[in-house]
1. Nothing charged except the Cβ atoms of Lys and Arg (+1) and of Asp and Glu (-1): what's the magnitude of the dipole of the chain about its Cα centre? Round to the nearest 20 debye.
2. Mind ordering 188-197, 154-163, 61-70 by average Cβ neighbours within 10 Å, highest first?
3. Contact order normalised by length for region 5-246, with contacts defined as Cα pairs under 8 Å and 6 or more residues apart; what percent is it?
4. Among 92-99, 72-79, 176-183, how do they line up from the highest to the lowest mean number of other beta-carbon atoms within 10 Å?
5. Could you do me a favour and compute the accessible area per residue for region 1-42, 1.4 Å probe, result in Å²?
6. Per-residue counts of other Cβ atoms within 10 Å, averaged by peptide: what ranking do you get for 132-140, 221-229, highest first?
7. Please label the shape of region 122-172 as rounded, prolate or oblate, based on the square roots a ≥ b ≥ c of the eigenvalues of the alpha-carbon gyration tensor (a/c under 1.5 means rounded; beyond that, a/b larger than b/c means prolate, else oblate).
8. Pop a pseudo-label 7 angstrom from the Cα along the beta-carbon direction at both residue 43 and residue 73 and give the gap in nm to one decimal.
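The values are calculated or read from the model by the stated rules, or taken from the named source; none is laboratory data. Model, not experiment: these values are computed from the prediction. No Cβ is skipped: glycine too gets one built from the backbone with ideal geometry, and neighbour counts run over all protein chains shown. Remember, those area values only see protein heavy atoms, side chains included, never the ligands or the DNA or RNA. Shrake-Rupley method; radii C 1.70, N 1.55, O 1.52, S 1.80 Å.
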Amino acid sequence: MRNYYIAGNWKMHKTRSEAAELAKALVAQLKDGKHKYLVAPTFTSLETVGAIVKGSNILLGAQNCAPEEQGAHTGEVSVLQLKDLGVQAVILGHSERRHIYKEDDEFINKKVKLALKHGLEVILCVGELLEEREAGRAEAVCETQTVKGLAGVAAGDLGRITIAYEPVWAIGTGKTATPEDADAIHAYIRKVVGKLYGADAAQKIIIQYGGSVKPENAAQLMAKENIDGALVGGAALKADTFVPIAKFG
Ligand code: PGA
């Protein structure tokens with residue numbers, strides 16, 4: 001039995017005081033929650049939110065990190081600096097990083113390995129564009145992103161990896177993949193992990209769904225055999241919408 005894992009990606013939203021207000025509400029309202037939880041505020045709110053979620057059942061996540069530990073990387077944030085703030089996990093390969101900031105699989109893979117090396121958990125995002133889905137390439141795209149994203153990751157580190165399947169056409173658009181369509185891709189990704197790491201690892205890996213998850217569709221999605229949680233964007237910005245997702249069912 002896999003544990004459900006629900007993560008909130010706050011993207012480039014909220015000042016520190018707004019982030020603090022949401023974090024306090026979540027700590028209070030999720031303290032009896034049964035699942036694994038994470039919030040990923042923007043870099044500038046990590047310290048503030050970290051102090052609030054410390055000791056709670058909510059992990060502190062970052063939305064990205066640099067591919068190197070330190071050096072001449074203007075505008076980037078290092079995994080060492082994230083650890084210094086108490087960050088426990090990092091979201092990598094989000095479609096906004098892939099498509100707006102042109103991060104490719106090799107670049108993302110470097111970050112995955114670096115984050116693991118420094119003891120962080122990773123949420124590795126994969127997902128196809130609308131034209132790729134329409135061309136029948138959804139599985140192939142997710143396979144490539146999974147295989148290349150995990151290249152060189154030791155089997156012993158796989159327990160710290162969560163995969164988030166986020167069809168790009170469903171992110172922030174209000175269009176959700178049907179639970180059946182999402183489950184089919186999740187099953188496929190599980191098979192890909194099985195080919196790389198064996199059947200036991202494939203059974204154990206947590207695969208979140210992301211893309212317009214809301215209180216109204218969370219339970220149907222998570223009822224599917226291969227959907228083990230959610231990576232939530234828009235609906236993660238308010239306790240009123242995130243808490244019912246986090247306590248779905
Ligand atoms: P959304 O974003 O829930 O607003 O669609 C999900 C994500 O990008 O992680």
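1. Details: 30 positive and 30 negative charges, 126 e Å.
That gives the chain a dipole magnitude of about 600 debye.
2. On the way: 188-197: 18.1, 154-163: 16.3, 61-70: 19.7.
With the highest mean Cβ count within 10 Å placed first, the list reads 61-70, 188-197, 154-163.
3. Values: 460 pairs, mean separation 47.6, N = 242.
RCO, region 5-246: 20 percent.
4. On the way: 92-99: 22.1, 72-79: 12.6, 176-183: 17.9.
For the peptides 92-99, 72-79, 176-183, the packing ranking is 92-99, 176-183, 72-79.
5. Values: 2300 Å² over 42 residues.
Result: 55 Å² of accessible area for each residue.
6. Values: 132-140: 15.2, 221-229: 20.0.
The densest-packed peptide leads the list: 221-229, 132-140.
7. Working: a/c = 4.15, a/b = 1.90, b/c = 2.18.
Oblate is the answer for region 122-172, as a/c is 1.5 or above yet b/c matches or exceeds a/b.
8. 1.0
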